[in-house]
1. Give the Rg/Rh ratio for the chain, taking Rg as the radius of gyration of the Cα atoms and Rh as the Kirkwood radius, to two decimals.
2. Provide, in order from the shortest bin, the percent of all Cα-Cα pairs of region 388-436 in each 10 Å bin, continuing until the bin that contains the maximum pair distance.
3. So which lysines can Lys279 reach, going by Cα to Cα under 28 Å and dropping same-chain residues fewer than 8 places off?
4. Kindly identify region 74-181 as rounded, prolate or oblate by the Cα gyration tensor criterion: order the square roots of the eigenvalues as a ≥ b ≥ c, call it rounded if a/c is under 1.5, otherwise compare a/b with b/c, prolate if a/b is larger, else oblate.
5. On the protein heavy atoms, probe 1.4 angstrom, tell me the percent of accessible surface of the chain carried by carbon and sulfur.
6. Distance between Cα centroids, region 524-548 to region 368-387: provide it in whole Å.
7. For the pair Lys49/Glu364, report the inter-label distance in nm, with labels modelled 7 Å from Cα in the Cβ direction.
8. Could you derive backbone 3J(HN,Hα) for region 370-379 from the dihedral phi with the Karplus parameters 6.51, -1.76 and 1.60 (θ = phi - 60°), listing whole Hz in sequence and x where the residue is Gly or Pro?
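The values are calculated or read from the model by the stated rules, or taken from the named source; none is laboratory data. Not measured: the values here are computed from a predicted model. Neighbour counts run over all protein chains shown; Cβ positions are idealised from the backbone, glycine included. Just the protein is used for accessible areas: all its heavy atoms, side chains included, with ligands, DNA and RNA removed. Shrake-Rupley method; radii C 1.70, N 1.55, O 1.52, S 1.80 Å.
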Amino acid sequence: MVSLSSYIKKLGEKMSNMQPWKQNVASIIDFAEKIFPDVEVVTRELSGKISTTNYKNISLRAKKLGSALEKFGIEKEQCVGSLALNTFRNMEMYYGISGMGAVMHTINFRLHPEQVVYIINHAENRLIFLEPVFAPLLEAVQDKCPMVEKFVLLCAKEEMPETNLKDAVSYEEFIENGDESYTWPELEEDAPCGLCYTSGTTGNPKGVLYSHKSTLLHAWAGSSANGLGLQKNDSILMVVPMFHVMGWGLPYLAPMNGIKLVLPGMGMDGAALTELIEKESVTLAFGVPTIWLGLLNYCKENNIKLESVKQTIIGGSAVPYSMIKQFDEEHDINVIQGWGMTETSPLATANLKTPAMEKLSKDELYKLQTKQGKPIYGVELKIVDDEGSVLPNDGEAFGRLLIRGPWINKRYYKFEEDAVDADGWFDTGDISTIDSEGYMTIVDRAKDVIKSGGEWISSVDLENVAQGHPDIMQACVIGVAHPKWDERPLLLVVPANDKKDKDDIFGYLDGKIAKWWKPDDIVFLEELPLGATGKVLKVNLRDQYKDHLMS
Ligand code: ADP
C-alpha cells in the first residue's frame, strides 16, 4: 500500500493529480470565438448608428490589439488607461489589454479632471485609449500626465477629430499593426488583469487591482443559479458602465455563457434605451436606480410597455419599493436587486426570485425585494458591533457589514497596509442586518446614517417610504445639525409634478415610519446632485443644508 503522503511526495510538488489552471481572462473570448462565434454584440455608436458584431470578430480584433500593444512595447503588468463607453471596442480592450498580460485600467470620465489626472499618474499609464468625445478633457490636462506617451482614439481613421493629444492615432490604425493569430501568453498565478478606482468622495480615489483568477471566479459565480439570473436565450442590455467595477463582470459573463450583449454607448436617455430594448428584444437589463428612474418616467409619459424585458438587475444604491412595484405593475418585469462595491468585484449578494416568493402577496414580494439579497457561494458575510463582536443573524440586529472571499479586495493598489483584518475580513462601510434565511439588508452607509439624540435613523428606509408618495419622483434624506438632538433628518424631494405640499407628504409618512423618524423639514429641489457613478452626492447636500435646522 502506498500512503497518500508518500504518493504525493513522489509526484514532487504536485498536491493532486488534476491539471493546473491556465488563468487568463482572454480564455473566455477564445472560448466564445470557438463555441459561440455568431452570438451578437450590438452597439449604439457615438454617431447614433446601431452596429452589430459577434464574439468571433471581437476575439480576432482583441488578438490584434494584444499583439499591437506588444509591438508598441507595453509590458506585462503595466496599466493601460481607458476613458471609454460601453461599445464593442471596449469589449476588445477588456480582452486585448488584459489578455496580453497588461492591466485594463478603466477610468471614470465623470470624475473631476484633477482626479482623472491623479488616477492616470498613480497608475503610471503610458498609453491611453479614449472616446473622441473625451479628447477635450484630456487635451486640457495632458501636460500634467508626463508618463503618457500616446493617445489612441476609439474610432476609425476617417473619424479622427482635430486634436493636439500626444502622438494621437485612431484605434483602427493602431490595431492594423496587430496579428489576429496572436496567442495569449500564460500568466502567473494571481497576475493582475484590471484596475478600477473608487469614486473617492473623500480623499483621493483608491485603486482596486483585480486578478485573472478573481475575475474568472467572479464570472463563474455570477453565472451560477444564485448569481445574476442569466438565461441561455437572454439578450442583455448593459447600461452599467464598463468603467465602473469592470461592468459588474458582464463583459466576462456574457461571452462565457454565449449570451447576446447590447451596449448603449452614449445613449442613456429614455428614448435611446427604449429604442434599443425594442429593436434588440432585450430580456435582461442591468443598471443603477437613477437611470431606471429616467427610463420608467419616459415610458410612462409615452405610454410604452417594455414587452421583451423579463428581469432587471439593479444595484449601486438601494432600490426603492416604488420602483420594484412600478417595474412589475407597468412592465411585468421582475427586479433582482444586487449589492456590491468596487472592492468586491462587485457581485456579493443578489435577491433572485425563488419558488417560495411566488406564494407571497405582491406587497410581501416587493418588500422582500427591497432587501439586498443572499450571498453568492464564495463570499462570506458577517455583521459586527463597534467592538467587533459578531451580531446575530436575526434580521433585527444591525452593525458594520464585513465580507471576505476570493474576489474581495485585500489591499488597495500601491498601499503598504492591508485593507482587511487579521482574518481577512474587509469592512464595507455599510451598516446591515442579516436575517435567519441569509438575506442581507443595507440599513445605511455608515457615513449617511442619522444619529438623533444617540439613536439611529436609517436614511435608506426613510427614502424608501417617501419615494412611494405619488407626487415624489426622487427622495433623499440627510442628517443635519440640530440644537437639541445633535442631528435630525431632512427630506429633500424632487417633485413628480407641480404639487409641492409639505403637509400632504408629512401626512403620507404618518403611520409608515416611527414618529421620531419624521423628517424635521422638507425641501423641494429641481434635481439631486449625482456623483460620478450615478449616486446621490449626500456629502454635497449635507454641506449645503448643514445649518438648515439651526436657525
Ligand atoms: P463608490 O464607493 O465609488 O460609490 P461603489 O460602487 O464601490 O462605488 O459603491 C459601493 C457602495 O454602494 C456599497 O458599499 C453600498 O453602500 C452601495 N450599494 C451598492 N449596491 C447597493 C444596493 N443594492 N443597495 C444599497 N446600497 C448599495
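1. Radius of gyration relative to Kirkwood radius: 0.98.
2. Going out from 0 Å in 10 Å bins, region 388-436 shows 24, 46, 23, 6 percent.
3. Lys34, Lys49, Lys56, Lys232, Lys260, Lys300, Lys305, Lys310, Lys325, Lys353
4. Here region 74-181 falls in the oblate category.
5. Percent of accessible area from carbon and sulfur atoms in the chain: 49.
6. 27 Å
7. 5.4 nm
8. Ordered by residue, 3J(HN,Hα) equals 6, 6, 7, x, 9, x, 8, 3, x, 10 Hz.
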